[in-house]
1. Could you grab me the full set of residues in the stretch 176-211 that are part of a loop (DSSP other than H, G, I, E, B) and either of a type in the set (Ser, Thr, Tyr) or at pLDDT 80 or above (or both)?
2. Determine whether the stretch 68-85 contains at least one residue that is part of a helix (DSSP H, G or I), polar (S, T, N, Q) and surrounded by 17 or more Cβ atoms within 10 Å (Cβ to Cβ).
3. Quick one: which of Phe75, Phe106, Phe112 is free of Cβ contacts under 8 Å to residues at least 40 places away in the same chain and not small (Gly, Ala, Ser)?
4. Please enumerate the residues belonging to the stretch 78-108 that are closer than 12 Å to Trp153 by Cβ, of a type in the set (A, V, I, L, M, F, W, C) and more than 14 Å from the chain's Cα centre (by Cα).
5. Among the residues of the stretch 124-134, write down those that are touching a residue at least 24 places away in the same chain (Cβ under 8 Å) and not charged (D, E, K, R).
6. State whether the residues of the stretch 131-145 include one that is within 22 Å of Glu102 (Cα to Cα), at pLDDT 90 or above and assigned to a helix (DSSP H, G or I).
7. Among Ile139, Ile116, Ile154, Ile122, which is the only one that is β-branched (Val, Ile, Thr), within 22 Å of Val81 (Cβ to Cβ), surrounded by 19 or more Cβ atoms within 10 Å (Cβ to Cβ) and touching a strand residue (DSSP E or B) at 6+ places or on another chain (Cβ under 6 Å)?
8. Give the residues of the stretch 75-92 that are among the aliphatic types (A, V, I, L, M) and more than 19 Å from Ile141 (Cα to Cα), sorted by residue number.
Amino acid sequence: MGKIKMSKKSTSIDMTAMCDVAFLLLTFFILTATAKMPEPLPVDTPSSTVQTKLPETGLVTITVGKKDGKEQVFFGMKDRVIREGALDYMSQMYKVPFTDKEKQEFILMEEFGVPISELKRILALKGADRVKDGMQSGIPIDSIGDNNQLKDWIQYARKANIDNGATKELQFAIKGDAKEEYPQIKRVMDILQDQKINSFNLVTGLRGKDY
């Protein structure tokens with residue numbers, strides 16, 4: 001009995017639809033992505049083998065370093081709702097009013113380093129201009145006079161966190177330059193401890209164990 005001969009069919013697949021979907025997804029991610037702004041106070045953190053990851057929410061970062069030859073302190077809050085609440089408290093205390101537009105600009109800022117009296121000037125600038133040299137002089141941390149604004153930002157960030165109904169305390173991290181002198185770091189630690197914040201993280205850069 002003769003064998004039945006099967007006709008061969010083409011195995012080519014039309015990839016046009018799949019390419020269209022891939023380009024649509026790529027376009028979507030490009031348009032919705034947010035470009036990471038350069039740090040206003042870049043620091044070279046000390047090396048460590050510890051791999052503990054900082055939380056993505058409920059975190060305040062205090063950056064200590066030198067820029068333009070001067071020691072500076074910058075303040076950053078991860079949560080936008082806490083930024084808004086802390087700004088409202090600072091506005092009331094220092095009698096510096098902010099418009100709704102200025103508040104929205106501040107909510108988008110991850111980190112800043114100016115006295116409250118100069119914050120409006122920074123908010124009026126474009127994002128790229130805010131991080132230029134000389135634009136931000138650092139947050140005052142005068143331990144002798146009454147101009148310890150870092151203490152107030154810490155206090156009001158914690159209040160805003162409570163107002164938001166958080167069940168956990170804010171976590172704090174100090175990000176210091178490896179070449180920064182210890183007294184400046186200690187001053188920041190003292191400000192935290194004065195507010196009964198005795199547990200905080202020190203941000204380091206990862207290195208190999210055999211380094």
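1. Start the filter on the stretch 176-211 by keeping residues that are part of a loop (DSSP other than H, G, I, E, B), which leaves 177-181, 195-200, 203-204, 207-211.
Across the stretch 176-211, the qualifying residues are Gln195, Lys196, Ile197, Asn198, Ser199, Phe200, Thr204, Tyr211.
2. Taking every residue of the stretch 68-85 in turn, none turns out to be part of a helix (DSSP H, G or I), polar (S, T, N, Q) and surrounded by 17 or more Cβ atoms within 10 Å (Cβ to Cβ).
3. On inspection, the qualifying residue turns out to be Phe106.
4. Ala86, Leu87, Met90, Met93
5. Listed by number, the residues that qualify are Gly127, Ala128, Val131, Gly134.
6. No, every residue in the stretch 131-145 fails to be within 22 Å of Glu102 (Cα to Cα), at pLDDT 90 or above and assigned to a helix (DSSP H, G or I).
7. Ile139
8. Matches in the stretch 75-92: Val81, Ile82.
The values are calculated or read from the model by the stated rules, or taken from the named source; none is laboratory data. Predicted model only: the values in this text are computed from it and were never measured. Because the Cβ atoms are built from the backbone with ideal geometry, glycine has one as well, and the counts that use them run over all protein chains shown.
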